[in-house]
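Participant: Before we start, here is the structure in question, set down as structure tokens.
The values are calculated or read from the model by the stated rules, or taken from the named source; none is laboratory data. All values derive from a computational prediction rather than experimental measurement. Neighbour counts are summed over all protein chains in view; Cβ atoms, including those assigned to glycine, are modelled from backbone coordinates with ideal geometry. Areas reflect the complete protein model, heavy atoms only, side chains present, ligands, DNA and RNA absent. Shrake-Rupley method; radii C 1.70, N 1.55, O 1.52, S 1.80 Å.
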Amino acid sequence: MTNECIFCKIIQGKIPTDFLYKDDDLVAFRDINPQAPVHVLVVPVKHIPTINVLAEDDLPLIGKMVAAARDIAKNEKISKSGYKLIFNVEKGGGQEIFHIHLHLVGGWK
Ligand code: 5GP
Ligand code: ZN
């Protein structure tokens, strides 16, 4: 955890946020600036700055994030209509918050 990271602050409860999902390993909450009718961020509790620095030991966590996103898509009733799961990696890949997160976007008509 870092003091400056906005997602660490959200996880620590320092920024009031409604969680769609929360356990010891990850949390999920709605994006503050949604790019689709459904836009949820799935975020590990562990502060990992980018996908580029993922350790071998972190790989099960990524599977857990994908499964959580799938379950949230089902709860949001967008499983059938479809959705995208996106990791933005580094500034050139659109990453603005350097604490990895999986974007779940969908719900288009
Ligand atoms: P990135 O560009 O790093 O892949 O995505 C960061 C995302 O975090 C953006 O879509 C942005 O709207 C979202 N975001 C930034 N700050 C906050 C915040 O304080 N609360 C929430 N819920 N989302 C945030
Ligand atoms: Zn962090």
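Participant: Would you work out the relative contact order for region 40-109, in percent, from Cα pairs under 8 angstrom that are 6 or more residues apart?
Facilitator: That works out to 48 percent.
Participant: Given a 1.4 angstrom probe, I'd like the percentage of the accessible area of region 36-109 that is carbon and sulfur, rounded to a whole number.
Facilitator: 56 percent
Participant: With every protein chain left in place, what is the accessible area per residue of the chain in square angstrom, probe 1.4 Å?
Facilitator: 60 Å²
Participant: Now for a different question. How large is the charge dipole for region 50-109, taken about the Cα centre, if only the Cβ atoms of Lys, Arg (+1) and Asp, Glu (-1) carry charge, to the nearest 20 debye?
Facilitator: Around 540 debye, computed over region 50-109.
Participant: Same structure again: Using only DSSP helix segments of four residues or longer, with each worth -39500 (n - 2.57), what per-residue ellipticity at 222 nm results for the chain after dividing by its residue count and rounding to 500?
Facilitator: -6500 deg cm²/dmol
Participant: When Rg is the radius of gyration of the Cα atoms in the chain and Rh is its Kirkwood radius, what does Rg/Rh come to?
Facilitator: Result: Rg/Rh = 0.94.
Participant: Now for a separate question. Treat every Asp and Glu Cβ in the chain as -1 and every Lys and Arg Cβ as +1, leave all other atoms uncharged, and give the resulting dipole magnitude about the Cα centre to the nearest 20 debye.
Facilitator: Using only the charged Cβ atoms, the result is roughly 540 debye.
Participant: In nm, to one decimal, how far is the residue 85 label point from the residue 33 one, both placed 7 Å along Cα→Cβ?
Facilitator: About 2.5 nm, to one decimal.
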